[in-house]
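Since the structure comes first, as structure tokens, the remarks are kept for the end.
Computed from the coordinates by the stated procedures, all read-outs in this text should not be read as laboratory data. Values in this document were obtained by computation on a predicted structure and should not be read as measured data. Neighbour counts run over all protein chains shown; Cβ positions are idealised from the backbone, glycine included.
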Amino acid sequence: MTATEQARGRGILAPSAKACCQTGGGEGAGANAPVVALAGAPNTGKSTLFNGLTGARVTMGNWPGTTVEVSRGVWRATKDSAPCSCEDCDCGSGGPIEMTLIDLPGAYSLDPHSPDEELTRDLLVGGPEDERPDLAVVACDASRLANSLYLVAQLRERGIRAVVALTMLDVATKRGVQISAARLAHALGCPVVGIDPRRRTGLDRLAKTVRATLLQPVPAPRPTPATSDSLELDDDRFTWIAAAVEAGTSTAAEGQRATLSDRVDRWVTAPVIGPLFFLAVMWGVFEITTAVAAPFQDLLDGLFSGPVTDGATWLIGALGLGDTWVQGLVVDGLIAGVGMLLTFVPLMTLMFILLALLEDSGYLARAAVVTDRLMRSIGLPGRAFLPLIVGYGCNVPAISGTRILPNAQHRILTALLVPFTSCTARLTVFVMMGAVFFGPYAGTAVFGMYVTSIVIIVLVGLLLRGTLWRGEPIEPLVIDLPAYQVPTLRLTASVTWVRLKGFLQTASGIIVATVAAVWLLQSIPVHGGEQFGEVPVQDSVYGVAAQAIAPVFAPAGFGSWESTSTLVVGFVAKEAVISSWAQTYAVAEPDESDQPGDLGAAVMRTFTESSGGHPVPAALAFMVFLMAYTPCVATLAAQWREIGPKWTVFGIGLQLVTAWVLAVAVFQVGRLLW
């Protein structure tokens, strides 16, 4: 079985009836396409390179038999960069070719310390030779060349086709280091290509080199000492790496110069200034997001509550369906619910842009260093910060990201803490609540929720560490900090679009289904004598069920059925909280002072009544509960897959108890102050 056939059998390749040199639609490369693995240590530009080589032709999925996600995509080399000489191909030389590119989890070596690294090892060197990828492209940071070559040394020992892709060449130049690709290639015994994946330069040269290497015989393994002593083998590898670096690089007479990144890091990673700077940066992100996005949100809100609603009402009336359940479903259900969610698209776009800028600039890697001491206080290594910071975007990939932790107990603890990170779905609710109850201080209020999220993570982590995970060893944080770089427009736009599209694709299906379910429950009468679709919300199945739950939240100040019902819907997805509110107030009798689409006024009135005249602390309590209780069913599914049913159920109970206790405490203390 060839490597291509093996990859297709494992689900990495999608079968295609096209010849290998034909281009066209489809997620997988052609039937005879070679399989190329992209490997390298974290923060070497590997993922950026993968995105640059595959463009939008990427799919994600778990590797069969594991819970580790692997990206695969079609790498289409251009006609000029890779002349075709495929077997059984009649397209003639000079045509474009396709390769299947697999983005392996980041790994410093073939000695695994986590499930991700174990998969990388197994795919590169595990099993029979004909079941491995045809070639490995190893991304190496030119500014820290010696740190990146250990994986290359191990691959060369196995006689695997490899091509070294040098990234960060501009950073190396600034540090006074010049690299000769030809001399380095001779020393390593494999091709070396300098590239800039952020600016998409050198990719054609890389494609040509990969194609030429694929046509060459498998290289002979690098000679190594005939010993099984791991220390002696490591000494041999480090000696080989040092010789290759010396042969392929030259340093300015004054030695490696301290760069701007080095000077800045003295401050932003300092024990005291570093955390303060991190909080200031995050405050700025939320302040900018809420302030800039607000006018666009108001514009879209007016569009959906005005012309769109009026147009849909007129069209339904023209079809003879006015004042029927159809109008209720479309106007009060889909338009009110989905339309309200869409008003937050400018907010999400701006948030994703700012986070992409921080990521592309290299700052987020420093955040892991800054929070290392905090992570250790709750019994977790600094690397645990990485999945936690991902959780502030979405909890689902954050829980999957716990695989980078080598210790099983650390993975379980981190997966239990991830749901307390405030994902972007909660952000939409926080922004609306902030605008309604805190006015010009909305950005600070939202930022306060994220600080509260960090405090909750620390407190819950300390509780679990002191009870369930006493004495677990903590490994020191080892991380390569990428140099600071000016973010590129192409990369920022690409990352923003991918994340926004993912949010809309995930939210759209869930929201439409939830909106339809909520409308159905709001249309079914509980008492006899009322017609379907014409029942007051409080007398519907939806309203009566919410009223039964509401007393539980009375001590927290939001014991009204309008508020508690949204929390039940929020179990499905937090995006649905606002849409369910919009549906409830759209079909309920409006207050005389309310204007069409004025959801905020209705929410303010509800919280004022349920809190006994203390709406602000009640709103804070609601926001704290929303942040701390179970995120969504997708998160639960991810937890079930990663840590099993026992810990998932334990986590649900932990989240609900924590959320309720904190919400009650916030309101009871707050009502004494406001």
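Some values worked out for this structure:
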quantity: FRET E, pair residue 463, residue 552, Förster distance 22 Å, beta-carbon r, rounded to 0.05; calculated: 0.45
quantity: Protection proxy ranking of 620-627, 300-307 - average other beta-carbon atoms within 10 Å, highest first; calculated: 620-627, 300-307
quantity: Prolate/oblate/rounded label for region 529-581 (Cα gyration tensor, a/c 1.5); calculated: oblate
quantity: Inter-label distance, nm, simple model (7 Å from Cα along the C-beta direction), residue 235/residue 504; calculated: 6.1 nm
quantity: Residue 315 paired with residue 408, simple spin-label distance in nm, labels 7 Å along Cα-to-beta-carbon; calculated: 5.6 nm
quantity: Around residue 199: net Lys/Arg minus Asp/Glu count, Cβ-Cβ under 10 Å; calculated: +1
quantity: Relative packing of peptides 486-495, 359-368, 159-168, 411-420 - highest average C-beta neighbours within 10 Å first; calculated: 411-420, 159-168, 359-368, 486-495
quantity: Protection proxy ranking, peptides 604-616, 372-384, average beta carbon neighbours within 10 Å, highest first; calculated: 372-384, 604-616
quantity: Sites residue 517 and residue 294, calculated FRET efficiency, Cβ-Cβ separation with R0 35 Å, nearest 0.05; calculated: 0.70
quantity: Exposure proxy ranking, count of Cβ atoms within 10 Å, fewest first, for 404, 399, 524; calculated: 524, 404, 399
quantity: Bins of 5 Å from zero: percent of alpha-carbon pairs in region 121-216; calculated: 2, 13, 23, 25, 19, 10, 5, 2, 0
quantity: Förster radius 41 Å - calculated FRET efficiency between residue 451 and residue 250, Cβ distance, rounded to 0.05; calculated: 0.25
quantity: Gain on full stretching of the segment that runs from residue 243 to residue 545 - 0.36 nm per residue minus C-alpha separation; calculated: 101.4 nm
